[in-house]
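Worksheet: one structure, shown below.
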Amino acid sequence: MESLIVSTGVVALAEIGDKTQLLAFLLAARFKKPIPIILGILIATLVNHGLAGALGAWITTAMGPEVLRWVLGVSFIAMAGWMLIPDKIEEDEAQIARRFGVFGATLVTFFLAEMGDKTQIATIAMAARFPDPITVVIGTTLGMMLANVPAVLLGDRLAGRIPMKLVHGIAAAIFAALGVATLLGAGESLGF
């Protein structure tokens, strides 16, 4: 249950102001069709985070416990720093939307935008940190949906009212705490 709660909360916070959330705002403003956009986000996130979760689970078998502890601890601390850097949406990702229709555009652009993104890297790290990667993927997908569904439904009205620096600061603090806890051996009962 801890892995579900932590992964949901961390990704929901990390996603606020992230380029995929900006993409959700853009698609909502451009197409004004929330259901296909939300479904595209869900499918793209499940596939992307499913792959990330599998990679995180594999990493736990490929590294010894001591190396894994240091890699995860440093990764979480690096994520904390990365959270403090604002994201911008790439124009290339937005242009794909013109070719595939609302659902297809959302699916393709979200999948591509999420490759190497903060939340994908966080999913890999949390899947390596917690014993059940499936629960982590469910949590990170839920976190993505918690952050992006309001972005799709409320669009520009919501964007200006969220204190992005505060939210990113909270997410950075959570990542830093996870990193320090991991480095201090909080995961020893889990094998790292």
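The values are calculated or read from the model by the stated rules, or taken from the named source; none is laboratory data. The structure presented is a predicted model; accordingly, all values stated were derived computationally and were not measured. We place every Cβ from the backbone using ideal geometry, glycine too, and count neighbours over all the protein chains shown. We work out accessible area using only protein heavy atoms, side chains counted, and drop any ligands, DNA or RNA first. Shrake-Rupley method; radii C 1.70, N 1.55, O 1.52, S 1.80 Å.
Here's the yes/no breakdown for (1) open to solvent by 10 Å² or more (accessible area, probe 1.4 Å); (2) over 12 Å from LEU142 (Cα atoms); (3) in contact (Cβ under 8 Å) with a residue 60 or more places away in the chain; (4) of a type outside the set (D, E, K, R):
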site	(1), (2), (3), (4)
VAL11	no, no, yes, yes
ALA14	no, yes, yes, yes
GLN21	no, yes, yes, yes
ALA29	yes, yes, yes, yes
LEU39	yes, yes, yes, yes
- line: Filtering segment 125-168 down to residues that are within 24 Å of GLY73 (Cα to Cα), surrounded by 15 or more Cβ atoms within 10 Å (Cβ to Cβ) and at pLDDT below 80 yields VAL167, HIS168
task: Can you give me the number of residues within segment 1-36 that are at pLDDT below 90, more than 17 Å from LEU154 (Cβ to Cβ) and polar (S, T, N, Q)?
output: 1
- line: Residue count, segment 46-79, condition closer than 19 Å to ILE134 by Cα and modelled with pLDDT of 75 or more, comes to 17
